[in-house]
Each structure stands twice: as C-alpha cells, then as structure tokens.
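Worksheet for the structure shown next.
The values are calculated or read from the model by the stated rules, or taken from the named source; none is laboratory data. Just so you know, these numbers come straight off a predicted model, no measurement behind them. Methodologically, a virtual Cβ is constructed for each residue, glycine included, from the backbone with ideal geometry; neighbour enumeration extends over all protein chains shown. All accessible areas refer to the heavy atoms of the entire protein, side chains included, with ligands and DNA or RNA removed. Shrake-Rupley method; radii C 1.70, N 1.55, O 1.52, S 1.80 Å.
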Amino acid sequence: MNTNIHSKLGKTGLILLATATLMSMTACTTGNTEARQVVEKSGKKITVMDNTTESVYTKLKLEGIAKIEGVRGMDWVSEGTLAVDKENRKLSPVITEGEKRYPHNLYQYDLASSGETPLLEEEKSYGFAKLSPDRKHMLYQQLYESTGIGYIMNLETGVSVKMYDAEFMAGEGAWEDTGHVIFPNMEGDIIRADVNGKSEVAVKTGQRSVSSVAPSGNTIYYVAMGEWIAYDIETKQSEILKKDIWTVLPSPDGSTLAVVKHTKPGENALVLCDTKGKELSTLATGMQLFGTSWSPDGSKLAYAVSEDGDKYRFFITEAETGEQTPVLGDNSISDQLRWSPSGKKLLIPTGVMKDTGYQSTAYVIKLS
C-alpha cells in the first residue's frame, strides 16, 4: 500500500502515494475531533482527543483518538503495542540534495507509557513491518529506492533471517499463515518463504507486473495487469475472476473479498464480492480508495477516501449493512490501516510533505 523520509524510504512513500492516487475512493461527511490533552513524553508530542460527533450512520461508539507525532505506524505487536518506524537521530545523517536525512529504524511503541523499545537500530533504513497472525514474527524490508530486501524477525529472540536474496517492491508481502509469507518478485512470480528463510516459487504467473497478493485457504488471489486472478493451490489452476481491478482483500474467513475496481474515468469503487467474483454490494465510490482493512471478526472494513488525491477521510463500514462511521478527516495516508488483535482499536498511519521533510503521524482510534 507512501512516504518520503530518508532518501530511500522517501521515494518509496511517494510511489505508494502515487499508487493510492490511481485507486478508488468515496466521499462522505466526517466527524470532528477536539484536542483535550497534550502530553510530551520521550521527545514525542502525544495528543489525546475525544470524538465530539456522534456517528450519524451507525451505532458504533468512538471512545477517543490518540495522535502520536513523529512515528510511522506499521502494525500491532500486541493490543497495547505498535510496531513503528521513525528517524534515528542518534545516527549520522546522509546529505542528499543538500538535505540531512536520517536512517529510519524500527521500534516497539507502548501506547500506555509512550515508551519506545528498539526492534532494529542500524545505519540502514528499514520499514513496512507486518506481524504474523500469532504476533511472534515480523516481516520487514531493508529499503532501496522503491524496492527492498525482505527479512523475518523472531520477536522473542530478536534474530532476523533474510527470506529472499533479491529485491522486491517495497510494501509487498502478506502472511499466508503463522509460518509463511508470500510476495511477488520482480519477475512476476509469487514466492513463498518460511520463518527460517527457506523460499520457493509458489506460483509462476507468467506476468511481469503482479501486485495485491492475498492468500486465503487453498487460494492465492493476485492482480496482474488489472486482472483479478485466483490460483488454486491444490489443482494448480488459475482463473481470471474480474478485470479493471486495483486491489483484492479476502475477509478473515475467506468467504467475502473487498475489491477496489475501476468503474469509469475518475471513479473507482469498493465492492464486496464472493469467491467467484460475483458482486454482492458496493460500499463506496469516488476518485480514490486506499488502506482497506478487515476487522479481525470480519464484520467491519476500514478505509480511506479522497476526492482530490491529497486529503483523505477515514471510515469504518459495517460489511453486512453498509452503514458508515466517519472516524477521521482531512489527512493524508501512508500505509494500510491496521486493526488491533481485539478489533477495538484502529491504527491510521498518515504523513505529509513539509519544508522540513516528510512528517509522519500515527492515529489510534479507540472503539467501545
């Protein structure tokens, strides 16, 4: 699923934002928030806000929003801990085009204490952390321009293994189960790697451009040149389900897929489909849609909508009824939205380019 931090990471982010610009979105009203408390801890400014607008679409209750400046939220290590990346200003910067740019490293961020624990501190830049379903391993990339080398870290031991020798597109990769990751390489093949660093070709797609790889049960879904394709692991057969598709995201139980499709010039749609590509409902339409994420129980989807390719509004939608709750408005987005393990919190990673460089802010939405 956007950035411009360190020279390497920054270009990655811009490419991701450009990708998001191509995708679909929806326009709706958004709730206002008012800052109630500002706390400074560990050099971070944390703003705790109350939601002052009742949801006009659903009965979903928003208890509050935590705003964490200076970190890029990646994923949930636990219910109260985030995996984040941020500039490591303890290291020497690289001077690029007359600007100082610091390496980006990975940390655990404790929401209760606002404390940080290093996961990986080195002179190189790392990012795009994704936790395994059991939260015991973390996929991440060492970044070069718009690509990166993939690693898997055992969070108990802190030991990392390289999962593939060649670079692949920054931000790609999904957990197939607790022990395996799949991702497309630069040749278009889909690679499976285990937590010990052993890799194999899972699917030879025959395509040069493959993205949105999403495993679900015995099926691997992916997008190649705008076509949504389903690959059956057992029969080793592929089937084109739909065309003019940007992204595909299976629900946790695999019965429904959230699909972003191109509908007409300047418009895309977020639709729910069955496993054969039959459309069940349309949740949103608009110019762009990005960051779609299923709640752990599959009852809700969170996503971001933009009408101008710049400012986004963020919503939670009930999958069954299509009812929407606005949770945040007028922000940018840098990565996929992420639900906490309980489904009671939603991580919204944002970022904006300013004169001083790319600035990241993570929001955590707390639901009742």
Checklist outcome for this item: Note on region 340-350: residues part of a strand (DSSP E or B) and either of a type in the set (Asp, Glu) or surrounded by fewer than 22 Cβ atoms within 10 Å (Cβ to Cβ) (or both) are Lys345
Item to check | strands (runs of 3 or more DSSP E) wholly inside region 211-280 that include at least 1 residues being under 21 Å from Arg192 (Cβ atoms) | outcome: 219-224, 227-232, 237-242, 245-250, 257-264
Item to check | Residue selected from region 34-85 under the condition at pLDDT 95 or above and polar (S, T, N, Q), by the criterion farthest from Ala362 (Cα to Cα) | outcome: Ser78
Item to check | Filter pass, Thr361 being of a type in the set (S, T, N, Q), farther than 22 Å from Leu272 by Cβ and not in a loop (DSSP other than H, G, I, E, B) | outcome: yes
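Every residue, every condition in (1) open to solvent by less than 70 Å² (accessible area, probe 1.4 Å); (2) of a type in the set (Gly, Ala, Ser), yes or no:
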site	(1), (2)
Ala129	yes, yes
Met138	yes, no
Met153	yes, no
Glu156	no, no
Asp165	no, no
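So that you can scan it fast, the table gives a plain yes or no per residue for (1) closer than 20 Å to Ala83 by Cα; (2) assigned to a strand (DSSP E or B):
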residue	(1), (2)
Gly148	yes, yes
Tyr151	yes, yes
Thr157	yes, no
Asp165	no, no
Glu172	yes, no
Val181	yes, yes
Checklist entry - If only one of Leu257, Leu270, Leu249 is modelled with pLDDT of 95 or more and either surrounded by fewer than 21 Cβ atoms within 10 Å (Cβ to Cβ) or touching an Asp or Glu at 6+ places or on another chain (Cβ under 8 Å) (or both), which one is it? => result Leu257
Next on the checklist: Filter region 76-106 down to the residues that are under 16 Å from Ile152 (Cα atoms) and either open to solvent by 10 Å² or more (accessible area, probe 1.4 Å) or among the hydrophobic types (A, V, I, L, M, F, W, C) (or both) and list them by number.
Outcome noted: Trp76, Val77, Ala83, Val84, Leu106
Item to check | Residue satisfying condition, being of a type in the set (Ser, Thr, Tyr) and surrounded by 23 or more Cβ atoms within 10 Å (Cβ to Cβ), within set Tyr231, Tyr222 | outcome: Tyr222
Checklist entry - Hey, Ile333 hits all of (1) outside any strand (DSSP E or B); (2) open to solvent by 20 Å² or more (accessible area, probe 1.4 Å); (3) β-branched (Val, Ile, Thr); (4) closer than 19 Å to Asn268 by Cβ but one; which does it fall short on? => result (2)
Checklist outcome for this item: Per the filter on region 98-146, residues within 19 Å of the chain's Cα centre (by Cα), more than 26 Å from Asn196 (Cβ to Cβ) and assigned to a strand (DSSP E or B) are His104, Tyr109
